[in-house]
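*Asks:* Dropping a structure here in structure tokens format, bear with me for questions.
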Amino acid sequence: MNLALWLQATARAHAERPAVAHGTDVVFNYRAFAQAAAATARRLRACGIAPGNRIGLFMDNTPAYLPLLWGTWWAGAVAVPMNARLHAREAAWILDNCTASLCFCDDAHATDLRQQGMPTGAIAADLAMFLRGQDAPDEPMAARTEDDAAWLFYTSGTTGKPKGVVLTQRNLRWMTLAYLSTVQAVQPGDSMLHPAPLSHGAGLYHLPYVLQGGVNVVPTSGGLDCAEFFSLATHWRNASCFAAPTIVKRLANWARVHKSDTSGLATIVYGGAPMYLADIEAARATLGPHFAQIYGQGESPMTISVLPKSVIEDGAHPRWRARMASVGFAQPMVEISIRSEDGEPLPTGTPGEVCVRGEVVMAGYWNQPESTAAALRDGWLYTGDIGALDDDGFLTLMDRSKDLVISGGNNIYPREIEETLLLHPGVQEVSVIGRPDPQWGESLVAYVVPRGEISTEQLDAHCLAHMGRYKRPKQYRFVAELPKNNYGKVLKTELREREARLDGS
Ligand code: AMP
């Protein structure tokens, strides 16, 4: 079954409903969306594209993104959405790695790719030509099996070259059904705002809206403009979005200062990085009871665990605080197991590597049998995250295994130190990393974005008052901002590199 059948079915049932909007303007209703996707499939076939061929998308968030993506599926091809902020050299590397036949680009990205020596015939920049086609609805849809690849999701490559996560038709289907069953139900006319790139996890969340006849809204700013966000959230019905924790914080700060109208919000789904308790409490106080958390990764897209609204709003529960600090329980299509380094299941409460199996787990990495064999063992995906399950099945993440710091033989999870430092009113943002230490093996360095005047001595005293001595950062570095990727995740790798340079100087 081809995923594009969902679009076809919704277009039949809800032809006139808004499907894709640019700000407050409807660009495609469902009839036009399906026609544009079918027209894209027809044009792709005319270019010689066969089922299974890879098609890149290297462009900013625009309304055209979605029909091009669904047209790629209609033709049975595999979409390779790429972060529009990659350097064209990196995008060219990805296209070469997956031997893409063609890449959809806007003009600016097309120019950049040509400068990398990419042949003009492999770049599709005349997007209007692809999307045009009143007569296309009869365009046959390619047959697909559940095991066929649908989306190659390239990891950010912070440790070496990016890897292409192969997401199948099955993975995307179950991910969508998981969203609808545990994150929130979607009705025709409900809206999903896309301030984050469609090429990444947040973009995957447009699928439930296509299946249910909701409207996917691309902001005219192309990204996150808080004023625009809140005005769109009042214009469109039951507005939801996916937001990394730093984006949640920005939205909450803005709404507090500008007294924004939040009555149109349905759900802000947060995830992708640790959410600190202090931040989610502040966000709920300003934005209201509109939060759900998910934990996932490219290899199990958006779907490992969920902390649903019903738990987040159940403040009377005796273990509410612990639950808020967790990432919730397994979504219905996955099973979670905590394992030791040698793959042995660990008892409840013991931290170990989070392993997952189920319908949403990737097929493997594109053409990388060794990395695939390391990540997928005995049917389990080894996520590289360290976590522990409690008696109720709630999963608490400590850190990525590579972020764990071992100092004087003690395992220290930087997240715990970050949570503690954030309790101090003089700390606006913080990220803690390890650095080599001749005496202790590793020691902690805290990068702090201060709020007002704050000294190292004050922070040290605060840490001593809250946790074991050995966990105190040995060094504080005060910075104006933390390096983040365009989804709002703090780039610890960049901080570690910065630290290594400082050490060497
Ligand atoms: P990516 O594949 O780039 O989406 O990154 C996935 C990683 O982000 C996961 O392996 C986790 O380390 C982290 N992550 C995702 N969701 C959460 C969450 N809710 N809380 C903490 N970390 C998360």
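*Asks:* Determine, from the Cβ-Cβ distance of R85 and L5 and an R0 of 41 Å, the FRET efficiency 1/(1 + (r/R0)^6), rounded to the nearest 0.05.
*Replies:* Numbers: r = 33 Å, r/R0 = 0.80.
So, using R0 = 41 Å, E works out to roughly 0.80.
*Asks:* Here's another thing I want to ask about it. Quick one: Cα centre-to-centre distance for region 439-476 and region 243-312, in angstrom?
*Replies:* The distance from the Cα centre of region 439-476 to that of region 243-312 comes to 27 Å.
*Asks:* Further question: Accessible surface of H424 in the full protein assembly, 1.4 angstrom probe, to the nearest 10 Å²?
*Replies:* 30 Å²
*Asks:* So what is the 222 nm mean residue ellipticity for the chain from helices alone, if each DSSP H run of at least 4 adds -39500 (n - 2.57) and you divide by all residues, rounding to the nearest 500 deg cm²/dmol? Mind showing how you got there, number by number?
*Replies:* Numbers: 18 runs with 165 residues, N = 505.
Value at 222 nm, helices only: -9500 deg cm²/dmol.
*Asks:* Another question, if that's okay. At 1.4 Å probe size, with the rest of the protein present, what percent of the exposed accessible area of the chain is carbon and sulfur atoms?
*Replies:* Carbon-and-sulfur percentage of accessible area, whole number: 51.
*Asks:* Note the full-extension length gain between A50 and S221 as 0.36 nm times their separation in residues minus their Cα-Cα distance, in nm to one decimal. Don't jump to the answer; show the numbers that get you there.
*Replies:* Numbers: separation 171, 0.36 × 171 = 61.56 nm, distance 3.53 nm.
So the extension gain works out to 58.0 nm.
*Asks:* At 4 °C and 1.567 mPa s, what whole-number value in µm²/s does Stokes-Einstein give for the translational diffusion of region 181-262, with Rh from the Kirkwood sum over Cα pairs?
*Replies:* Working: Rh = 13.0 Å.
Calculated translational D: 99 µm²/s.
*Asks:* With just the Cα atoms defining each centre, how far is region 77-121 from region 367-396? Give it in Å.
*Replies:* Spelled out, the Cα-based centre of one part sits 31 Å from the other.
*Asks:* Would you mind checking which residues have amide H under 5 Å from D190's amide H? H placed 1.01 Å from N; only 5 or more apart, or other chain.
*Replies:* The answer is V215.
*Asks:* Can I ask one more? Order E16, E429, E335, most accessible first, counting only protein heavy atoms with a 1.4 angstrom probe. List each step's numbers first, then the result.
*Replies:* Working: E16 120, E429 35, E335 85 Å².
Listed by decreasing accessible area, they come as E16, E335, E429.
*Asks:* Which percent of the Cα-Cα distances in region 242-388 go past 27 Å? Don't skip to the end; give the middle numbers.
*Replies:* Numbers: 3267 of 10731 pairs.
Pairs farther apart than 27 Å: 30 percent.
*Asks:* Using 0.36 nm per residue, how much length does the chain from D126 to D106 gain when fully extended, once their Cα-Cα distance is taken away?
*Replies:* Numbers: separation 20, 0.36 × 20 = 7.20 nm, distance 0.80 nm.
Roughly 6.4 nm would be gained on extension.
*Asks:* What distance in nm separates the two pseudo spin-label positions at R451 and Q187, each 7 Å out from Cα along the beta-carbon direction?
*Replies:* Computed distance between label sites R451 and Q187 equals 3.8 nm.
*Asks:* In degrees from 0 to 90, rounded to the nearest 10, what is the angle of the helix 88-97 Cα long axis to the longest principal axis of the chain?
*Replies:* 70 degrees
*Asks:* For A282 paired with R501, estimate the spin-label separation in nm (one decimal), with each label point 7 Å from Cα along the Cα-to-Cβ line.
*Replies:* That separation, rounded to one decimal, is 2.8 nm.
*Asks:* Could you state the principal axis extents of the C-alpha atoms in the chain, from the largest down, to the nearest angstrom?
*Replies:* 71, 49, 44
*Asks:* Return, for the Cα atoms of region 391-496, the radius of gyration and Dmax in Å, separated by a comma.
*Replies:* Calculated on Cα positions, Rg and Dmax stand at 13.9, 43 Å.
*Asks:* Run the 1.4 Å probe and let me know the accessible area of F478, rounded to the nearest 10 Å².
*Replies:* 80 Å²
*Asks:* Here is a further query. Do any of K259/K492; K309/K402; K163/K484; K163/K474; K309/K489 go past 25 Å between their Cα atoms, and which? All intermediate terms of the calculation are to be shown ahead of the outcome.
*Replies:* Working: K259/K492 33 Å; K309/K402 31 Å; K163/K484 20 Å; K163/K474 35 Å; K309/K489 23 Å.
Where the Cα-Cα span goes over 25 Å, the pairs concerned are K259/K492; K309/K402; K163/K474.
*Asks:* Per-residue accessible area for W366 at 1.4 Å probe radius, Å² rounded to 10?
*Replies:* Spelled out: W366, probe radius 1.4 Å, area about 50 Å².
*Asks:* Moving to a separate point now. How much length would be gained if the chain were fully extended between R31 and E341, taking 0.36 nm per residue of separation minus their Cα-Cα distance, in nm to one decimal?
*Replies:* Extending this stretch completely gives an extra 106.4 nm.
*Asks:* Between the helical axis of 65-74 and the dominant principal axis of the chain, each derived from Cα atoms, what acute angle in degrees is found, rounded to the nearest 10?
*Replies:* The angle comes out near 60 degrees.
*Asks:* Over region 111-267, average the accessible area per residue using a 1.4 Å probe and give it in Å², no decimals. Can you show the working numbers first?
*Replies:* Working: 5990 Å² over 157 residues.
That works out to 38 Å² per residue.
The values are calculated or read from the model by the stated rules, or taken from the named source; none is laboratory data. Fair warning: this is a prediction, and the values are worked out from it, not measured in the lab. Note that we place each Cβ from the backbone using ideal geometry, even for glycine, and neighbour counts take in every protein chain shown. Areas reflect the complete protein model, heavy atoms only, side chains present, ligands, DNA and RNA absent. Shrake-Rupley method; radii C 1.70, N 1.55, O 1.52, S 1.80 Å.
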